[in-house]
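Participant: Take a look at this one; I'll ask things after.
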Amino acid sequence: MRNLRTVLTRKIFNSLITIFLVLILNFFLFRVMPGNPLQFIVPQNPEIPDEFKDKIIEKYGLDEPLHIQFFTYMSRTLQFDFGDSFIYSGTPAMDYVMSKMVYTLILTGTSSIFMVVIGMLIGIISAWKRGSLFDTGSLSFSLFFYAMPTFWFALMLIVVFSTGLKWLPSDSALTYGEQLELTWSCFVDLLRHLILPVISLTVGSIAAFSIIMRGSLIDVMTEEYITTARAKGLSEGRVLKDHAVPNAMLPMVALIAIDLAFVVGGAFQTEVVFNYPGIGYATIEATLKQDYPILQAAFFLIAVVVIAANLVADLLMVYLDPRVKME
Amino acid sequence: MIIMKSTPVESKSHGPVEHGRFGMSEPTVEKLKLYKKKVTQTWRVYRKNWMGMLGLGILTFFLAMAVFAPQIVWMLSVIGGWDHAYDPFEQVSTTRLVTPPSPEHWLGTDIRGYDILTRVIYGSRVSLEIGLVATIVSMGLGTAVGLLSGFWAGWRDEVMMRITDVFLVLPWLVLMIVFAAVLPGGASVGKVVFVIGITGWSSTARIVRAQVFSLKERAFIERARAIGAGDYYIVRKHIFPNVFPLVFANSILTVALSILSESTLSYIGLGPMANQVVTWGNMLQDADDGKAILNGLYLWILVPGMCIVFLVLAFTFIGYAMDEIYNPKLRKR
């Protein structure tokens, strides 16, 4: 058990270091870049009075030497203070980004579930019927969608299902003017707006899961305990369900964590195409309008969430796979 | 991406490339012969892989398109009876900028009055260019970090791996957006290449490092060390040649990802300007600005998009085939 504790401590420690490095990166990217570093923190709009700019410079100690600035930055960051948004004046950047996070979590959460389940099913059938028409067919089909830019697939979905068949809405997360509430009609509205974004996000990632699941299952099927199970007289279906699949699922847990970074990247594109009010849409809008406090807050928040999710997956792996503890 | 990077640590099959006895090089002619034999062997296996061959076919098509773009446009102008071969930056439609497909402009004209078909053909050039150069940047960086990290081990490895983690864990698009936003200067091809390269090296570094760790334990490295070979000599002469096939197989998938990244960056408005550089990505951005969907100009979106899909698919297929060859674990049993 001492080994287990060492493994866990090490993983948590590494995650903390990664977050710390992200903080350093965030600091340097926005303050030390050539050009005028002040432009990333102080709004450059000429209509804004100088005294207001001076106030911000003083608040973040931007006239101080770099190492003092770093400490000010760190203490502000630990209080989740990235300054106020330039374009939505008066709104703290962190509050704004947090309010957008809900929609992104709904979007990425739903499609993560779908891509894992569908990918695993395809992987299992492909491995089981190796070399069959289903195997080659599903592989080329999923690679085709994997090769597709997420934003372009989203555009195609709009062409077919929104403007063409007029089945589903293509804009925002709720009908215009509605608020997020706990009512049945709101839930239905949310679902209708969610369908196309989720499809666009899910389909492209299925290949990643099905290919790994297929490979993993083929590997497991050559293990001796599978031969034993067969020798006991279990049916092929039982062997698959009780012995092969549970063991083949281990790499999937790690994959879900790694894939999270790609799901977030895809979510950014989906949100832009569908004007979905999530964190990706907010980040890209902030980038194009040079709203740097929001960009910093979003970068920080996404980094922390993704690193935390990776840590959870790592810990889950330790729990699920006894071999990791023995290392 | 994650997809095919299947357990590189265990791919111990391709035997160590040994350079004669006592770690010395054979005469160059001998080496070339050996190399040629290896290439022929790989090709013999590759030829039987339908995916790899299909990918190679599609890639050849786009390469020809990129190299002979002016000639192709000229040929089309003769066939279509246009009054001259268009230039991708030529305003061919003056009275109305956006026009639907017509006999003179088979795919219509875009928001700047440019001929869309001409731009699709020329667009293959920048897509391939960005894909290849960005891949060289990220593979070079990743291989260097992986080699050093794996060979040094200890605290220097630890430091480099923590930095690699940052780039590995953070969503690629988020990193790219932040880099593209804070780097000075406007959007240019060079900047896009830099941004894609700097965000894409981390998984290569991991794979190379793992491979170096497994190589280090093998007898031929120990032998080289025993007769007094230095660290850098061993890395250069023994470790790198053994890691290279893996890096090469991976880099093909990286090209696919780089092309996807370019189109995404261009689409969200962080790529090169459409009046300076033609890319399929910024054509799609223009189509969005021109409300192509609302106006029913579907070809404007469909054709550049399909070009991206098929070019990326070509590299994915080739990469997948290479992975099957270099990772015999995946070969059908």
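Values in this text are rule-based calculations from the coordinates and carry no lab data. All values reported here derive from a predicted model rather than from experimental measurement. Neighbour counts are summed over all protein chains in view; Cβ atoms, including those assigned to glycine, are modelled from backbone coordinates with ideal geometry.
Participant: If I take the Cα coordinates of region A:103-291 and project them onto the principal axes, what are the three extents in Å, biggest first?
Facilitator: For region A:103-291, the Cα spread along each principal axis is 64, 36, 35 Å.
Participant: While we're on this one: Using a basic spin-label model with each label point 7 Å from the Cα along Cα→Cβ, how many nm lie between A:Trp184 and A:Glu285?
Facilitator: Result: 3.2 nm between the two label points.
Participant: Which FRET efficiency value, to the nearest 0.05, is calculated for B:Trp50 and B:Ile136 with the Förster distance at 30 angstrom and r the Cβ-Cβ distance?
Facilitator: Numbers: r = 29 Å, r/R0 = 0.95.
FRET efficiency, B:Trp50 to B:Ile136: 0.55.
Participant: While we're on this one: When Cβ neighbours within 10 Å are restricted to other protein chains, what is their mean count per residue of peptide A:256-266?
Facilitator: For this peptide, the per-residue mean of nearby foreign Cβ atoms is 5.
Participant: Let me ask something else. Mind ordering A:193-203, B:93-103, B:67-77 by average Cβ neighbours within 10 Å, highest first?
Facilitator: Details: A:193-203: 22.1, B:93-103: 13.1, B:67-77: 15.5.
Highest-to-lowest ranking by the protection proxy: A:193-203, B:67-77, B:93-103.
Participant: Distances over 40 Å make up what percent of all Cα-Cα pairs in the protein assembly as shown?
Facilitator: On the way: 76393 of 217470 pairs.
The calculated P(r) of the protein assembly as shown puts 35 percent of pairs beyond 40 Å.
Participant: Could you tell me the relative contact order of chain A? Use alpha-carbon pairs under 8 Å, at least six residues apart, and round to a whole percent.
Facilitator: Working: 339 pairs, mean separation 90.2, N = 327.
Reported as a whole number, the value is 28 percent.
Participant: Still on this model: Of B:Lys31/B:Lys216; B:Lys37/B:Lys237; A:Lys129/A:Lys232; A:Lys53/A:Lys289; B:Lys191/B:Lys216, which ones are farther than 26 Å apart at the Cα?
Facilitator: On the way: B:Lys31/B:Lys216 23 Å; B:Lys37/B:Lys237 20 Å; A:Lys129/A:Lys232 22 Å; A:Lys53/A:Lys289 18 Å; B:Lys191/B:Lys216 37 Å.
From the list (B:Lys31/B:Lys216; B:Lys37/B:Lys237; A:Lys129/A:Lys232; A:Lys53/A:Lys289; B:Lys191/B:Lys216), the Cα-Cα distance tops 26 Å for B:Lys191/B:Lys216.
Participant: Would you please classify the overall shape of chain A from the alpha carbon gyration tensor, given that a ≥ b ≥ c denote the square roots of the eigenvalues, rounded means a/c under 1.5, and beyond that prolate means a/b larger than b/c while oblate covers the rest?
Facilitator: Values: a/c = 2.82, a/b = 1.54, b/c = 1.83.
Oblate.
Participant: A follow-up question, please. Under the definition of partner shielding as Cβ atoms of other protein chains within 10 Å of a residue Cβ, what is the mean value for peptide B:156-168? Show your work: numbers first, answer last.
Facilitator: Values: counts 0, 0, 2, 1, 0, 2, 5, 4, 1, 8, 10, 3, 4.
Whole-number average of other-chain Cβ neighbours for B:156-168 is 3.
Participant: Let me spell out the model: positive unit charges on the Cβ of Lys and Arg, negative unit charges on the Cβ of Asp and Glu, origin at the Cα centre of region A:141-242. What dipole size does that give, in debye rounded to 20? Write down the numbers at each step before the final one.
Facilitator: Details: 7 positive and 9 negative charges, 67 e Å.
Charge dipole of region A:141-242: 320 debye, to the nearest 20.
Participant: Could I have the simple spin-label model distance between B:Leu76 and A:Phe80, label points 7 Å from Cα toward Cβ, reported in nm to one decimal?
Facilitator: With each label placed 7 Å out from Cα toward Cβ, I get 5.3 nm.
Participant: Let me ask another. Could you let me know the centre-to-centre spacing of region B:263-292 and region B:74-92, using Cα atoms, in angstrom?
Facilitator: Between the Cα centre of region B:263-292 and that of region B:74-92, the gap is 22 Å.
Participant: Right, something else. Say a site is exposed when it is one of the chymotrypsin sites (Phe, Trp or Tyr not before Pro), sits in a DSSP loop, and has at most 16 other Cβ atoms within 10 Å; what is then the longest site-free stretch of chain A?
Facilitator: A:177-327
Participant: For the residue pair B:Leu97 and B:Tyr232, what label-to-label distance in nm results when each label sits 7 Å from Cα along the Cα-to-beta-carbon direction?
Facilitator: 5.5
Participant: Moving on. For peptide A:152-159, how many partner chain Cβ atoms fall within 10 Å of a residue's Cβ, on average?
Facilitator: Working: counts 14, 2, 0, 10, 6, 0, 2, 6.
Partner Cβ neighbours, averaged per residue: 5.
Participant: Note down the relative contact order for chain B as a percent, whole number, built from C-alpha pairs under 8 angstrom at least six residues apart.
Facilitator: On the way: 429 pairs, mean separation 88.3, N = 333.
27 percent.
Participant: Right, something else. Show me, bin by bin at 5 Å from 0, the whole-percent P(r) of region B:135-208 based on Cα pairs.
Facilitator: Going out from 0 Å in 5 Å bins, region B:135-208 shows 3, 18, 24, 22, 16, 10, 5, 1, 0 percent.
Participant: Could you work out the percent of alpha carbon pairs in chain B separated by over 39 Å, rounded to a whole number? Walk me through the intermediate numbers first.
Facilitator: Working: 14177 of 55278 pairs.
Roughly 26 percent, rounded to a whole number.
Participant: Nearest 0.05, what FRET efficiency do A:Leu320 and A:Lys129 give at R0 = 30 Å with Cβ-Cβ as r?
Facilitator: Values: r = 27 Å, r/R0 = 0.90.
Result of the calculation: an efficiency of 0.65.
Participant: Using DSSP to define loop residues, name the trypsin sites (Lys or Arg not before Pro) in region A:184-262 whose beta-carbon has at most 16 other beta-carbon atoms within 10 Å. Before the final figure, lay out the partial values.
Facilitator: Values: sites: A:Arg192, A:Arg214, A:Arg230, A:Lys232, A:Arg238, A:Lys241; in loops: A:Lys232.
Qualifying residues, ordered by number: A:Lys232.
Participant: Same structure, new question: State the Kirkwood hydrodynamic radius of region A:195-327 in Å, one decimal place, computed from all pairs of distinct Cα atoms. Don't skip to the end; give the middle numbers.
Facilitator: On the way: mean 1/r = 0.0566 Å⁻¹.
After inverting the mean inverse Cα-Cα distance, the result is 17.7 Å.
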